Ligand SMILES: [Zn+2]
C-alpha cells in the first residue's frame, strides 16, 4: 500500500482493498520516510508504552460505561478471559447465580425486576420478553418523551447500582434507585430550563466582551514579541500549525535572513491530526525538510509550541506514537546541517 522509495500511500490500492471509511483512516497515518523500523506501541498512554495503570483505567472505563452495548461487550469479554484461564467474575455480582449478560443485568435479575415493577411505569417482564434490546427499541418507538426519559434513568440507575456494588462495595436498595431516577430527571430538566432563560443579548455581549478582551491582550503580547532578526549568516525559520477545519490542519513555514528578507515560504494542508502538538511537530518536520531542499544549512527554527521544541532539542525519551515519528524525522535530518538550532517563540 506504500510507494517505494518515496514512501507515500498508494491511494488506488487502498481504495480497491479496504472499505472507504477504513481507507480514509489509513491515508491519514503520517508516513515519515526516515523511519525504517516498525514498532509496537500502546495507544492508551501518550508515550505509547504500556503501563499497568493505563490498562487498569481502560478496564474501569469499560466497566463503568452506562452504555448497554458496552455492558454486553464487558460480559462477553469476561467470559473470554475466563476461557483463557484468567481469574475473573463472570456471574452477576448481585445474585451470583447467572452469567452477567445485558439481558440478565437489566431485565432478568431479581434486583432489576423489582426496580422496573416498583417504578411508576410498573413494568413486569415475563417469559415472552426474551431480549432487553428489543424491548428497548419497542419502548423508544412507542413511549412518550417523559416515560422514555424515565426508562433511560432507570437503566442508568441499574448500571450505577451494579458499579457501586462492584467497585465501592456499596449495596444500594432498589427503592433508592427508583427515587434517584426521578431526582436525576428533575435535575436534568431544571438545568435545561435554566439554559433557555439566559437572555440572548446579554450572553452575546458577554462573548463579544471576552473576545475583545482577548484580542486586546493578544495585541499587546504581539507588540512585545515581535520577530527578531537572526545574526548574519543564519536563516531564521518560523513555523506554525493552525486548525483550518475540523480534522484538517494548515501548516505554514517562513524563511528569512538577517535583514528580514523573505527567502522561502510554504504551506500544507494535513488531514487527520487530532492533537495540536502533533500538528506542531509535523510543522517542524516539514520546515526541516523544506530548508534542506532550499539549501539553507545554517538555520534557527522557531515554533510557539514549547513541548515540541523541547522534544527536538534534547535526545530525551521520544514518545512512540506518531508524535515520536515526527521528532525522529527531525533528528534524522538535523545532522545534515552545518548549524541547526531550535527556539521557542511566544505568540
Ligand atoms: Zn443477578
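None of the figures in this text is laboratory data; all of them are computed from the coordinates on show. Small disclaimer: the values here were computed from a predicted structure and weren't measured. In this analysis, Cβ positions are derived from the backbone assuming ideal geometry, glycine residues included, and neighbour counts consider all displayed protein chains.
Overview of values
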| item | result |
| --- | --- |
| Most to least packed among 159-165, 185-191 [average Cβ atoms within 10 Å] | 159-165, 185-191 |
| Stretch gain in nm, segment residue 126-residue 298, where the contour uses 0.36 nm per residue and the Cα spacing is subtracted | 54.0 nm |
| Fewest-first ranking of 342, 106, using other Cβ atoms within 10 Å as the exposure measure | 342, 106 |
| Burial ordering of 331, 3, fewest other beta-carbon atoms within 10 Å first | 3, 331 |
| Extended-chain gain in nm, criterion 0.36 nm per residue less alpha-carbon gap, residue 306 and residue 10 | 103.1 nm |
| Which of 7, 36 has the fewest Cβ neighbours within 10 Å, and the rest in rising order | 36, 7 |
| q = 0.11, 0.14 Å⁻¹: log10 I(q)/I(0) that the Debye formula gives for the stretch 230-344, counting C-alpha atoms only | -0.32, -0.52 |
| Pair residue 248, residue 99: separation of 7 Å Cα→Cβ label points (nm) | 4.8 nm |
| Distance-filtered residues of the stretch 276-291 - backbone nitrogen under 20 Å, label point 7 angstrom along residue 51 Cα→Cβ | 276-278 |
| Estimated distance in nm for a label pair at residue 336 and residue 147, the labels positioned 7 Å out from Cα along Cα-to-Cβ | 7.0 nm |
